[in-house]
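Everything on this sheet refers to the single structure shown next.
The values are calculated or read from the model by the stated rules, or taken from the named source; none is laboratory data. Just so we're clear, the structure is a prediction, and the values are computed from it rather than from any experiment. Please note: Cβ atoms are built from the backbone with ideal geometry, for glycine as well, and neighbour counts cover all protein chains shown. Please note that ligands, DNA and RNA were not included when accessible areas were found on the heavy atoms of the full protein model with its side chains. Shrake-Rupley method; radii C 1.70, N 1.55, O 1.52, S 1.80 Å.
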There are 2 protein chains.
Amino acid sequence: MEVKARAPGKIILSGEQAVVHGSTAVAASIDLYTYVSIKILPSTENDDRLTLQLKDMALAFSWPVGRIKESLSSLGGPFPSTPTSCSTASMKLILALVEEQNIPEAKISLASGVTAFLWLYTSILGFKPATVVVTSELPLGSGLGSSAALCVAFSAALLACSDFVNVDMKQQGWLIFGESELELLNKWAFEGEKLIHGKPSGIDNTVSTYGNMIKFRSGNLTHIKSSMPLKMLITNTKVGRNTKALVAGVAERTLRHPDAMNSVFNAVASISEEMANVIQAPALDDLSITAKEEKLEELMEMNQGLLQCMGVSHASIETVLQTTLKYKLASKLTGAGGGGCVLTLLQTLLSGTIVHKVIAELESCGFQCLIAGIGGNGAEICFGAPSWL
Amino acid sequence: MEVKARAPGKIILSGEQAVVHGSTAVAASIDLYTYVSIKILPSTENDDRLTLQLKDMALAFSWPVGRIKESLSSLGGPFPSTPTSCSTASMKLILALVEEQNIPEAKISLASGVTAFLWLYTSILGFKPATVVVTSELPLGSGLGSSAALCVAFSAALLACSDFVNVDMKQQGWLIFGESELELLNKWAFEGEKLIHGKPSGIDNTVSTYGNMIKFRSGNLTHIKSSMPLKMLITNTKVGRNTKALVAGVAERTLRHPDAMNSVFNAVASISEEMANVIQAPALDDLSITAKEEKLEELMEMNQGLLQCMGVSHASIETVLQTTLKYKLASKLTGAGGGGCVLTLLQTLLSGTIVHKVIAELESCGFQCLIAGIGGNGAEICFGAPSWL
């Protein structure tokens, strides 16, 4: 049996940082995916193995299934229908299995992803021999939700293989889970995210699971449906950043200037609400799409100014802003700031020549450019030979 | 009789644009001056002339006093103690005298300054022959209050020559007018400003007259006294801008996004109030001056973000910001935005090497750099030979 799953990355359209202080934020899926393929292998007497290939990094990890069973059978899996947090004791057992693989020092940040994989695999599928292959279009650690996409794609593929979730395997192409399966998937992905991030907000896995857009405020999520095509240039500055330090910096600035900063957070909240309204409002014709795009551009520019006011911009981000400004394109940072990625709205009627020029200029600065449609489908699965590998 | 006057330019420390929407703003004098020297000449029978020399531009305008009298005696001057608006009818008569001078087309923007000069001269001194020389350290039309400084310096020199204002001519060095003379001076300068700007706010001439700093909100001015030395690098982008269009742009954005923009204006108001408090609070030692400077830098950075949110930044301003950021210096635009000048705080303990480096880099971009002490004296007069000409 072979199943593929894909799960999208995400961007924050508005409200990052301010959301920590009670503002509304809007997140959206992007049509850049992490792909997971699982091939369940027939059991043999002595040579059953579970293999995880990270194709983009040319890395592979492999365990004898017997070895995994010996270590983890005390955890009592599989229990696909009851998403469960990995206890500290269980984590220790899994970490021992991960350490046996001698992950190269330079790639040690992958260890938490491998840990999440082993937890999800044994909890959902138990101890079956299989080969699992991962590829991704998402740059790692740049705020595009690559770890959530990984956990969602793992969980989706695993659930599709489990007897618990009922899927019509004869259907062609990418399939979407039903409502209750999506809920289950999202919960499992969140458990995986916890092993990677400690205390994830749950936004990234929810966007990756359900796709489209989500408005969130003080822990409350609202799914919103975009009524317009939306395309962004995503520029990865490749500047790594410390999200915790950035969030702490904004909190300290808020303590020093409470009145000013609270007004700033209010402004961000208004911008997020407006953005959600513009995105949901039906566009009646081309003109009205252009008008909506211009409104979004203005709101992005405003949000960026407020992020600068919070002190989370960065020289690399400013370079991107100034480059896109030359072409009269509106941009804002996305995510925690201090580096990471910058969004630039690409209007429907924008000429391809301009897009090529701005990308060439950004790439000449050493940045990575990706073009993504915004607000598409969430997790999907597919049966058959993975032609995209 | 010979008298010199000097009047300082101004910067907006915080609150530009937002002040139009009810926020507090803080303006301060800078120790860059416009100088006016007046030499009253003895009357002759036929050759009495009034000459205005603009030394920096190598321009001179000269009228026979008889010609001025013939044109303007109907206006009924001099009336130094009663600052009066120039009526439309009077303006027409003065403009005729200005037009006779054939100002070169490229310098036609000076015509309004010459008009203000003739109005102030004849209203305060009547029809005496004199040579008036103007020099200035202030770039024109870049938001540093050059026209107000001109009107204040004209008015101060003229009032010092008039019999109405009593000054002890035997005193040496730069002298400050008394309280009631300052009030009179400020009113006359405002009348001059009206001929140059139509509807000036009165802030520029008030700062130039009184010096130091002024907090203003909804037309109410409060003088504030700085308790710390403050030095700024002023970078003139040389990008001309349309203040009216910029103000209109902010107003339109406010109509489109009332909630967000009103929060932004509230944030600016808090920043201006905080800035005024920091500047006025007594500094106890060097450490505390550094702490105050750092607070001002943070407030400047925040204000700049909010100005970007209002949409009044400009590529040239961003270039200055990014250049100074490389040296970890905080900057903000000053004035209407869209070009004009950028302020960069120079901390007391900042090394001269850094200052030279950043200036060299900014000048290599084609910008003009000035260093100015902030919050010094206002208008001053001096009797005797003008050694600075």
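Data for the structure
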{"read-out": "Residue that is nearest to the chain's Cα centre (by Cα) [pool: residues in segment A:238-257 that are crowded, with 20+ Cβ neighbours inside 10 Å and away from chain B (no Cβ under 14 Å)]", "value": "A:241"}
{"read-out": "Filter pass, residue A:360 being in contact with a Gly (Cβ under 7 Å, 6 or more places away or on another chain) and either within 14 Å of another protein chain (Cβ to nearest Cβ) or surrounded by fewer than 24 Cβ atoms within 10 Å (Cβ to Cβ) (or both)", "value": "no"}
{"read-out": "Test: residue in segment A:268-280 that is open to solvent by less than 20 Å² (accessible area, probe 1.4 Å), among the charged types (D, E, K, R) and not assigned by TED's automatic domain parsing to the domain that holds residue A:12", "value": "no"}
{"read-out": "Near pairs, Cβ below 7 angstrom, 6+ apart or cross-chain, from segment B:48-72 (of a type in the set (Asp, Glu)) to any residue that is in a loop (DSSP other than H, G, I, E, B)", "value": "B:48/B:129"}
{"read-out": "Residue match in segment B:223-242 (condition: assigned to a helix (DSSP H, G or I), out of contact with any His (no Cβ under 7 Å at 6 or more places or on another chain) and not hydrophobic (A, V, I, L, M, F, W, C))", "value": "no"}
{"read-out": "Residue that is nearest to residue A:334 (Cα to Cα), among those in segment A:7-27 that are open to solvent by 10 Å² or more (accessible area, probe 1.4 Å) and β-branched (Val, Ile, Thr)", "value": "A:12"}
{"read-out": "Total residues in segment B:303-316, condition assigned to a helix (DSSP H, G or I) and at the interface with chain A (Cβ under 10 Å from one of its Cβ atoms)", "value": "9"}
{"read-out": "Exclusive hit being more than 7 Å from every other protein chain (Cβ to nearest Cβ), open to solvent by less than 40 Å² (accessible area, probe 1.4 Å), modelled with pLDDT of 95 or more and more than 26 Å from the chain's Cα centre (by Cα), set A:261, A:300", "value": "A:261"}
{"read-out": "Hits in segment A:320-356 - residues which are facing another protein chain (nearest Cβ under 9 Å) and open to solvent by less than 40 Å² (accessible area, probe 1.4 Å)", "value": "A:321, A:322"}
{"read-out": "Complete set of residues in segment A:264-293 that are at the interface with chain B (Cβ under 10 Å from one of its Cβ atoms) and without any contact (Cβ under 8 Å) to a residue 12 or more places away in the chain", "value": "A:270"}
{"read-out": "Any hit, segment A:204-226, residues being surrounded by 17 or more Cβ atoms within 10 Å (Cβ to Cβ), on the phi > 0 side of the Ramachandran plot and touching a residue at least 24 places away in the same chain (Cβ under 8 Å)", "value": "yes"}
{"read-out": "Residue that is open to solvent by 20 Å² or more (accessible area, probe 1.4 Å), part of a loop (DSSP other than H, G, I, E, B) and among the hydrophobic types (A, V, I, L, M, F, W, C), where the choices are A:150, A:144, A:110, A:140", "value": "A:140"}
{"read-out": "Hey, residue A:194 open to solvent by 30 Å² or more (accessible area, probe 1.4 Å) and in a helix (DSSP H, G or I) or not", "value": "yes"}
{"read-out": "Residue B:157 under 24 Å from residue B:31 (Cβ atoms), open to solvent by less than 10 Å² (accessible area, probe 1.4 Å) and modelled with pLDDT of 90 or more", "value": "yes"}
{"read-out": "Qualifying positions in segment A:44-61 - open to solvent by 70 Å² or more (accessible area, probe 1.4 Å), within 30 Å of residue A:12 (Cβ to Cβ) and not acidic (Asp, Glu)", "value": "A:55"}
{"read-out": "Residue match in segment B:275-286 (condition: assigned to a loop (DSSP other than H, G, I, E, B) and acidic (Asp, Glu))", "value": "yes"}
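Each row is one residue, and each column tells you yes or no for (1) surrounded by 14 or more Cβ atoms within 10 Å (Cβ to Cβ); (2) in a loop (DSSP other than H, G, I, E, B).
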{"site": "A:5", "(1), (2)": "yes, no"}
{"site": "A:29", "(1), (2)": "yes, no"}
{"site": "A:35", "(1), (2)": "yes, no"}
{"site": "A:42", "(1), (2)": "no, yes"}
{"site": "A:63", "(1), (2)": "yes, no"}
{"site": "A:73", "(1), (2)": "no, no"}
{"site": "A:80", "(1), (2)": "yes, yes"}
{"site": "A:98", "(1), (2)": "yes, no"}
{"site": "A:101", "(1), (2)": "yes, yes"}
